[in-house]
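The values are calculated or read from the model by the stated rules, or taken from the named source; none is laboratory data. Every value quoted in this text rests on a predicted model; they were computed, and no experiment measured them. With ideal geometry, Cβ positions are generated from the backbone for all residues, glycine too; neighbour counts draw on all protein chains shown.
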Amino acid sequence: MEKEYITPLSHDELLAACRRIKHVALDMDGTIYMGSQLFPFTKPFLKELTDNGIGYSFLTNNPTRSRVDYLKKLEKLGIEATPDQMYTTAVATIEYLKEKMPQVKRIFATGTPSMIKEFEDAGYEMTAIDANDMPDLLLVAFDTTLTYERLCHASWLAAQGIPYIATNPDRVCPTDQPTVLVDCGSLCKCIEHATGREPDLVIGKPNPDMLSGIMYRYGLRADEIAMCGDRIYTDVAMAQNAGAFGVLVLSGETTLQTALEAENPPLLTARDISVFGKLLIESKS
């Protein structure tokens, strides 16, 4: 990448868009850290936001950790954050169920113990692998503890036609380890191949509801929020769906070639969030 960033906007248009930003929503894996390694530019970027009166939140499609566990991970990496600054697809799913599907009380889920506890703490009962223990909802999530038996039971439930929600569409989860972390979207494809059924609803990015919650919480317009992430089909697509300013960073999954070939390119493609930080500072001068 010869330049630090590419954009379809003129420089003046880009700075005008940056000047409107009052809040930055940040993807996590591939954007502020990779696996267990914090990027060296993350803390200086967050300080720049704070120093310039720009708020920020952390958004992740990865529901394997509860909000509390994510805050602990951030703290371990040297980042202090409040519960209000942490938004996961598990939190978004719970909020959706409370508002849109209040009849749901019992759930069968593929999910880590940390995620399951978050749902239990919200008042939901989790059902067992038992054909006589029918849930109100099938919930499929990224699950690093998944067993074949649970996957088969989830597929059977999908075949029974009960309401079926997925937490996120991601095919794989970014990692700094020599492996492929099969994510929720791939689990849903497995169930679809086995049963012919897709989820009734996918909650996480690119669904714009996560950004809509931030707009409502802070009283912001869509063009006053920037969504930064490393994936076109989730992070950038959510920004576009919400009418926010989408920033694609190349520090995670997406390559420059993929970005250049995108059908709906983001308003800004940057090497990493530090480049966006420089543009935000420049726009204020």
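Computed values, structure above
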| item | result |
| --- | --- |
| Single condition Thr147 does not satisfy, out of (1) surrounded by 15 or more Cβ atoms within 10 Å (Cβ to Cβ); (2) at pLDDT 95 or above; (3) closer than 28 Å to Met34 by Cβ | (1) |
| Segment 165-188, subset among the acidic types (Asp, Glu) and crowded, with 23+ Cβ neighbours inside 10 Å, residue farthest from Glu95 (Cα to Cα) | Asp183 |
| Extreme residue, nearest to Ile191 (Cα to Cα), among residues of segment 84-114 that are in the same structural domain as Arg150 (by TED's automatic domain parsing) and of a type in the set (Gly, Ala, Ser) | Ala109 |
| Extreme residue, modelled with the lowest pLDDT, among residues of segment 27-40 that are surrounded by fewer than 18 Cβ atoms within 10 Å (Cβ to Cβ) and at negative phi | Ser36 |
| Filter result for the condition that a residue is surrounded by fewer than 18 Cβ atoms within 10 Å (Cβ to Cβ), of a type in the set (Gly, Ala, Ser) and touching a residue at least 40 places away in the same chain (Cβ under 8 Å), over Gly213, Gly252 | Gly213 |
| Residue check, Thr60 surrounded by fewer than 13 Cβ atoms within 10 Å (Cβ to Cβ) and either closer than 22 Å to Met227 by Cα or not hydrophobic (A, V, I, L, M, F, W, C) (or both) | no |
| Number of positions in segment 123-179 that are touching a Cys at 6+ places or on another chain (Cβ under 8 Å) and aliphatic (A, V, I, L, M) | 4 |
| Selection within segment 257-285 - of a type in the set (Lys, Arg) and assigned to a helix (DSSP H, G or I) | Lys278, Lys284 |
| Residue in segment 263-285 that is farthest from Thr60 (Cα to Cα), counting only those that are surrounded by fewer than 16 Cβ atoms within 10 Å (Cβ to Cβ) and at pLDDT below 90 | Ser285 |
| Matching option when the condition is crowded, with 18+ Cβ neighbours inside 10 Å and either without any contact (Cβ under 8 Å) to a residue 12 or more places away in the chain or not acidic (Asp, Glu) (or both), among Ala90, Ala81 | Ala90 |
| Qualifying residue in segment 43-50 (condition: of a type in the set (Asp, Glu), in contact (Cβ under 8 Å) with a residue 40 or more places away in the chain and surrounded by 13 or more Cβ atoms within 10 Å (Cβ to Cβ)) | yes |
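Yes/no per residue for (1) among the aliphatic types (A, V, I, L, M); (2) part of a strand (DSSP E or B); (3) in contact with a strand residue (DSSP E or B) (Cβ under 7 Å, 6 or more places away or on another chain):
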site	(1), (2), (3)
Leu211	yes, no, yes
Met215	yes, no, yes
Leu220	yes, no, yes
Ala226	yes, yes, yes
Asp235	no, no, yes
Ala239	yes, no, yes
Val247	yes, yes, yes
Ser251	no, no, no
